[in-house]
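See below for the structure under consideration.
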Amino acid sequence: MRAIATRRSLLAGLMASLVATAGALAAGQPDVEIVQSGQVVPIVDGVHVLRRAPFVVKVAGGVGAMSVFTSTAPGAAIVAGDLRGRHVLAPVGTGMAVLPLSLHLQDKPIERYDGLSAPMLERWGGVLGPDLVGAYGAERAGLDGEPAVVLGGRQYSTVIRRADDAQLLPVFSLGETAVGRSEVASISLAIFFDPVPSPGRVPWTRLSGPEVVVARFSGPPSTVRPPAFDGRPLDCGTSGVVRALQDPHWQRLERLLRDGLDPNLKSAKGGSTLLMCAVGGVTVQPGVVGALLDAGAAIDARAAAGETALHRAVRGAGQRDAARLIAIDLLLRRGAGPNIRDAAGDTPLFVAIEADYPEAVALLLAHGADPKQTDGAGGTPRERSARLVRSEIVWLLDVVAGATPLP
């Protein structure tokens with residue numbers, strides 16, 4: 001599965017707006033928008049009516065990290081709205097990472113309880129465990145009134161934080177289907193804000209919000225371009241070690257590493273590392289990438305052409321599926337440098353642009369890739385995207401820059 005990007009012709013409508021109902025935002029509450037074609041989508045009878053085209057959820061800065069619960073269930077907005085004005089707690093770690101440029105859809109309202117009630121403990125007590133249940137009392141003691149407890153389903157990736165501290169959640173697909181092709185008629189979004197974690201707040205987090213937005217899609221389904229496939233995967237040979245890098249049972253590689261395999265072994269031709277071979281082939285196994293990093297693989301080691309494993313991963317050579325995006329995200333979370341230049345002067349962002357890989361671009365931007373860093377010829381990422389007619393990527397870069405895309 002990959003988050004499917006739309007055809008270039010849809011890019012005129014790449015932004016959609018989710019502004020909370022006029023006058024409903026209390027003082028100090030965040031300004032939430034969904035913008036489409038450079039315009040904030042107005043509210044009609046309490047609903048934001050969007051064309052069947054991708055959109056971006058935008059939140060003003062200074063409100064904590066954004067997370068979103070998206071539901072197709074009737075009445076989901078009412079259930080989420082009942083949480084407004086209440087203290088809301090969630091166990092740390094109950095959010096979910098979702099593929100870039102995608103909204104994960106639930107077919108039920110958000111699961112919420114009044115404190116650690118009997119029904120909640122009956123359903124979740126064994127999962128939460130005694131430590132988490134015990135810590136609830138300390139968190140509850142600092143609140144006036146019984147808090148609501150929400151569990152599961154909040155999506156926190158891939159949110160891009162802009163220079164002005166605005167948070168952006170670009171959406172190209174609903175679940176596994178491109179927005180333009182989806183049969184989903186409407187969705188409700190409950191947008192929460194997580195404070196910066198502190199030692200005193202573990203293992204529970206207090207959420208502010210939610211801001212609740214209902215969106216309805218109009219217009220016929222649209223044509224989308226097929227998933228890209230780059231036919232130039234990295235050729236690392238067919239040795240037993242290379243076969244282990246491609247094996248979904250990553251424990252095989254772990255055994256080789258325990259038996260003395262050097263995690264920083266390089267090929268004689270081209271200087272490719274095992275990590276590059278793991279992320280640059282036709283298929284990618286995230287467990288293999290994790291095993292190599294745990295064994296001490298140098299994450300930013302260079303090949304002869306100056307490429308790092310991240311350059312190779314975002315090239316998208318081979319299958320552009322969930323596994324590849326998970327591996328890219330893993331590299332970035334483990335410290336891969338998003339702004340390292342190869343011998344040609346290209347950072348991974350330029351490589352992803354050349355490969356027409358908007359999902360990788362979104363991940364890079366979310367993890368600190370500099371959209372203003374120039375290539376070896378002095379060109380910017382946006383200039384190259386425009387020259388190569390990478391319309392989806394031009395839009396992403398414009399969103400990050402705060403620019404209004406052309407109609």
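The values are calculated or read from the model by the stated rules, or taken from the named source; none is laboratory data. Because the structure is predicted, anything quoted here is derived from the model rather than measured. Every residue, glycine among them, receives a Cβ derived from its backbone with ideal geometry; neighbour counts consider all protein chains shown. To get the accessible areas, we keep the full protein, side chains included, count just its heavy atoms, and leave off ligands, DNA and RNA. Shrake-Rupley method; radii C 1.70, N 1.55, O 1.52, S 1.80 Å.
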Here the alpha-carbon Rg of the range 251-299 over 2.2 N^0.38 Å rounds to 1.06
How much length would be gained if the chain were fully extended between Arg123 and Ala138, taking 0.36 nm per residue of separation minus their Cα-Cα distance, in nm to one decimal?
3.2 nm
Semi-axes of the range 289-353's equivalent ellipsoid from the Cα gyration tensor, sqrt of 5 times each eigenvalue, largest first, rounded to whole Å?
18, 15, 10
Can you tell me the dipole magnitude for the range 47-120 around its Cα centre, using point charges on the Cβ only (Lys, Arg +1; Asp, Glu -1), in Debye to the nearest 20?
300
Inter-part distance where the range 341-386 and the range 238-275 are each reduced to a Cα centre, Å:
29
Long-range amide H partners of Val171, meaning residues 5 or more apart or on another chain whose placed amide H is closer than 5 Å, are Phe55, Val56, Val57
All Cα pairs of the range 267-327, percent lying beyond 19 Å
23
For the range 114-168 and the range 278-312, what is the separation of their C-alpha centers, rounded to whole Å?
35
Taking a probe of 1.4 Å and leaving out DNA, RNA and ligands, the range 95-137 shows per residue an accessible area in Å² of 52
Whole-Hz couplings from phi, Karplus 6.51/-1.76/1.60, listed for the range 294-308; x for Gly and Pro
5, 7, x, 4, 6, 5, 10, 4, 9, 7, 4, 8, x, 6, 9
What lysines sit close enough to Lys372 to cross-link, taking a C-alpha to C-alpha distance under 25 Å and skipping anything fewer than 8 places away on the same chain?
Lys58
Scalar couplings 3J(HN,Hα) for the range 238-244 by Karplus 6.51 cos²θ - 1.76 cosθ + 1.60 (θ = phi - 60°), nearest whole Hz, x for Gly and Pro, are 10, 5, x, 5, 5, 4, 5
Computed over the Cα atoms, what is the radius of gyration of the range 230-389 divided by 2.2 N^0.38 Å, N being its residue count?
1.00
Spread of Cα-to-Cα distances over 5 Å intervals beginning at zero, given as percent, for the range 48-199
2, 8, 17, 19, 21, 14, 10, 6, 3, 0
Which three extents, in whole angstrom, do the alpha-carbon atoms of the range 76-139 cover along their principal axes, largest first?
37, 26, 20
